[in-house]
Every structure is written in structure tokens, then in C-alpha cells.
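S.K.: Got a structure for you, questions after.
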Amino acid sequence: MSSFDTAPIAAIATAPGRGGIGVIRVSGHSLEQLVLCLFGQTLTPRFAHYLPFKDVAGEAIDVGLAILFRAPHSYTGEDVLELQGHGGNAVLNRLLARVLEVGQAHGVRLAQPGEFTLRAFLNNKIDLTQAEAIADLIDATSEAAAKAAAGSLTGQFSKRVRHVTDAIIQLRTLVEATLDFPEEEIEFIEQYQVKEKLNGIELSVQALITTSNGSLALKDGLRVVLVGEPNVGKSSLLNALCGESIAIVTDIAGTTRDRVVQDLNIEGVPITLVDTAGLRDTKDKIEILGIERTWQEINQADVLLHVIDASHQCDRFVKTNQRHLLNLTLFNKCDLLTEPLLTINNHITDNNHIFVSAKTGLGLDVLKTKLLSVAGRTIGESSPWQGRVRHIRSLQIAQVHLLQAREHLSFEGIALDIVAEELRLAHDALGEITGKFYADDLLGEIFSNFCIGK
């Protein structure tokens, strides 16, 4: 158990601004005396009491519902008091001030960001991935992201991690039980199919990494940058993908002198699409500044789209040392071609290319499908859970230890004690995902990003 402060806490649980309902939430180990001081009566647990919320002079601040949830049957696992009144900053701030005023004698203080959910985790109401999913659900900017966060909240990701963890525990038990019988090691490995079981665990971990990697795009989105020489149709492609005229389009080379940024949503995946100044040798000072910003965008891109004019193909390919999730070459203006696409295709050695036309829409569906594939999705498919970078990092650490365990099993002189240790380290890495093993600073990092009142 963590050493976090367990004093009773209070906060406004609803978003700032006008609303039909506003909620004050209080959580602590025992709230009977606070309730009695606030209302002059006890409250029946899990029953909505309609009554006035009074100030120190006995005048009504508001009238609403007071509901008491007894531990452990509450969100935090402690006693929880909810005061549901009318929404609005002024009335809620007055009500919160009154709760803190009365609660001062009982140690009640203002809650920190995410502290209610932190207590739910510390009291074993939810695991760490479910706690993170609450923040992801609140922050979701698309239906797909909300569904993925809900999947994590209901425990889909946790169950998969626990399934792999259980398999490792079973294998650890077998390995450690054989350490006292070194003469039977070979027979043990063959009889209990240790290598096969270990291989199955590795495949399961890789599947978790793949799905979690893809789901990151639902939360963070993809930054897709259009680059190429002037007048190849980058701005036209941006307009075509957005379905409206965002960027200015002319026949004059160098029309786009600064980046144009537009957000769009493809099958629930947030996309930040960036049109950039054309890359060429120029002495125009303004255009040079635009080209410098183009290279800045290239460095920040998740996906780089090299746009080429397919009607004459004299454009240079943009070379970069940056590693992106996807590099695509788009042969634009295919509506102007006088020869079959296959003829051009035969001269291309790069398989990562698409023939498109911003004018007719040719190839845009293929491009969207490619972008979705980077996000680990296909059209009409939703992500089963919402992954985070720390989840993937822990999975990758577990994967390394599983690989090392397999390598030690392949040596002529099998060292089962080393195999057992590598399995233990893999087990520990997976435990960090759900919070079975954690450090206080990790919790501080996670919950500080929550909103106050949650």
C-alpha cells in the first residue's frame, strides 16, 4: 500500500460553466460527523435525500440531492458523499467552500487532480489501466477513441494482460520446481513442452504490443505532412482530403509559403494534416522561411506523404533521415496522364506508392486505408482497448526477457536458474501495467494529468 495522504477530500466533480446539474464530491474513511454537521441529520446510504444546502447563517445556498455511499461500496472504496445541485460556478464554489468550512474540523481538504480515482486504485476498486482509461474516456475526441477507452475501463486490456501473466506464472512454477533436479532438466523441458509454451507466450505479448501500438493513434492522432516540390498538387490534395477549400490553390509555383494545418477525422482516427511550402532552390526570403518550416514539419511527422506530379515525373524525391511510421509516395495528377498507369508502375521500385488525383478523387480511399493501417485499424473496425506508451514500454521489456529465457533454453548446458530469473523479470514488467507493482512517482505522473474532481 502506498503512503499517500488519506485525509478526507472534497472537490467539484462537474466541468466549469453553466449546466443543469453540478456535483460536489467528498471522500473519506468516515463521513458521519461531516454529514451531521452539514444537514443536522443522518443520511440513509444509497438514498437520494432532497434537502436545502445551508450556509453558516442557515440560509440556503442551493436545494438539491444528497447521497451517501458507504465504504467499500463506492467509487473510491471509502465513504463518499455527493451533493447534486444546480450547475454554475458561483453556486458550486459557495457550496464547496461551505463543505470545506464545516469539514475543517474533520480534516477535510481540497482534492488534488485525479485523487478520487487514485483512491479507487489504491483501494483495489480498479487497476491502473482502468484508472488511466477514465482519463482517456474524458479526453476522447472521437467515437472510436471513446469506445477504445471504454474497452479498457471494462477491463478488456487488463484481462488480456492477466491471461499472459497467468501463463508466465504457470511456466515459472514448472521451471522453479525442476531447479532441485538438474539431472531431469532435458526430460522436463520435453515432457512439459516448455519451449512451445514459451513461444506461445511470446506471440501473445507481440499481439498485445501490435494492438496497443495501433490504439495510440486514437488517443494522440497522426500528424500527416504533405511534402514535395512546388506545384505538384499538395494543397489540392489537402483540400480533397478535407472535403473543402482550406488551402489556396493556383498554377503559380510557390503559392504556399507557410504551412497550412487542418484537423480531420478518418474512421475515428484524429488526423492533423499539414500542407507545406514546396521544396526547391530559391532566393526569395519569405519562401526560404517557408521551406525551413517544411523541414521542421518533416521532423515532427508521424506519416510523410511525398507528392510527385505523375504527369511528367521530373520531380525529385524528398530524402530524410527521420524515422516515420509510414513514408508514402503519392503520384498526383493522374487524370492528366496520357499513358497507362501500369507503364509508369513498371519504372517504380518502391512498393509504398499510390496513384492519386486530387481532381477526380482517384486513390484517396486507398490513401485513407493506408493511414488507418498505421493506426492499427481497418475501415469499420474499432480498437478493443486504449493503449498508452508506458504499456507498450512494459510489454517490450517483458518481450526482451522472454526472448532471453528462450535463448538460454537453447544452450547445450541449459541454465534453468537463469530461465527462471528471466521469467520473473517478464512477470514483473507485466505487473507494472496493471499496477500490481508500481512506484509512487509513476502514480504521481499518471494522476496529475486528471481533472480535479475525478
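The values are calculated or read from the model by the stated rules, or taken from the named source; none is laboratory data. As the structure is a prediction and not an experimental result, all values here were calculated from the model. Cβ: placed from backbone, ideal geometry, glycine included. Neighbour counts: every protein chain shown.
S.K.: Filter the stretch 102-126 down to residues that are under 22 Å from the mean Cα position of the chain (by Cα), farther than 15 Å from Phe4 by Cα and surrounded by 21 or more Cβ atoms within 10 Å (Cβ to Cβ), then give me how many there are.
M.R.: 1
S.K.: Here is a further query. Say whether the condition of being at pLDDT 90 or above and in contact with a Phe, Trp or Tyr (Cβ under 8 Å, 6 or more places away or on another chain) is met by at least one residue in the stretch 440-448.
M.R.: no
S.K.: How about the stretch 6-61: which strands (runs of 3 or more DSSP E) wholly inside it have at least 1 residues that are more than 29 Å from the chain's Cα centre (by Cα)?
M.R.: Correct list: 22-28, 49-54.
S.K.: While we're looking at this one, here's another question. Limited to the stretch 179-218, what total is found for residues that are part of a helix (DSSP H, G or I) and either modelled with pLDDT of 75 or more or of a type in the set (A, V, I, L, M) (or both)?
M.R.: Qualifying residue count, the stretch 179-218: 26.
S.K.: May I pose another question? Any residue that is farther than 19 Å from Cys451 by Cβ and assigned to a loop (DSSP other than H, G, I, E, B) - is there at least one of those in the stretch 92-102?
M.R.: No, every residue in the stretch 92-102 fails to be farther than 19 Å from Cys451 by Cβ and assigned to a loop (DSSP other than H, G, I, E, B).
S.K.: Which residue out of Thr165, Thr141 is touching a His at 6+ places or on another chain (Cβ under 7 Å), among the polar types (S, T, N, Q) and in contact (Cβ under 8 Å) with a residue 12 or more places away in the chain?
M.R.: Being touching a His at 6+ places or on another chain (Cβ under 7 Å), among the polar types (S, T, N, Q) and in contact (Cβ under 8 Å) with a residue 12 or more places away in the chain holds for just one of Thr165, Thr141, which is Thr165.
S.K.: Looking for whichever is surrounded by 18 or more Cβ atoms within 10 Å (Cβ to Cβ) and either of a type outside the set (Ser, Thr, Tyr) or at pLDDT below 90 (or both) here; the options are Leu342, Leu328, Leu337, Leu364. Which one fits?
M.R.: Just one listed residue meets the conditions, Leu328.
S.K.: Name the residue that is farthest from Phe450 (Cα to Cα), counting only residues in the stretch 103-123 that are of a type in the set (S, T, N, Q) and part of a helix (DSSP H, G or I).
M.R.: Per the stated criteria, the residue is Gln104.
S.K.: Residues Val269, Val318: which one is surrounded by 13 or more Cβ atoms within 10 Å (Cβ to Cβ), modelled with pLDDT under 65 and under 24 Å from Ser373 (Cβ atoms)?
M.R.: Result of the check over Val269, Val318: Val318.
S.K.: In the stretch 19-53, which residue that is among the hydrophobic types (A, V, I, L, M, F, W, C) and either under 22 Å from Ala120 (Cα atoms) or without any contact (Cβ under 8 Å) to a residue 12 or more places away in the chain (or both) is surrounded by the most Cβ atoms within 10 Å (Cβ to Cβ)?
M.R.: Val26
S.K.: Do you know which of the residues in the stretch 272-292 that are at pLDDT below 75 and assigned to a loop (DSSP other than H, G, I, E, B) is nearest to the chain's Cα centre (by Cα)?
M.R.: The extreme case among them is Arg280.
S.K.: Would you mind finding the one in Val99, Val91, Val194, Val164 that is assigned by TED's automatic domain parsing to the domain that holds Ile24 and buried (at least 21 other Cβ atoms within 10 Å of the Cβ)?
M.R.: That would be Val99, the only listed residue that is assigned by TED's automatic domain parsing to the domain that holds Ile24 and buried (at least 21 other Cβ atoms within 10 Å of the Cβ).
S.K.: Still on this structure, please answer the following. If you take the residues of the stretch 127-136 that are in contact with a Ser or Thr (Cβ under 6 Å, 6 or more places away or on another chain) and not β-branched (Val, Ile, Thr), which of them is farthest from Asp5 (Cα to Cα)? Even if it seems obvious, please write down each step before you answer.
M.R.: Just the residues of the stretch 127-136 that are in contact with a Ser or Thr (Cβ under 6 Å, 6 or more places away or on another chain), to begin with: 127-129, 131, 133-134.
Subset that is not β-branched (Val, Ile, Thr): 127-128, 131, 133.
Working: Asp127: 19, Leu128: 18, Ala131: 18, Ala133: 23 Å.
Here the answer is Ala133.
S.K.: Which condition does Ala167 not pass, out of (1) part of a helix (DSSP H, G or I); (2) at pLDDT 80 or above; (3) under 28 Å from Thr14 (Cα atoms), if it passes all the others?
M.R.: Failing condition for Ala167: (3).
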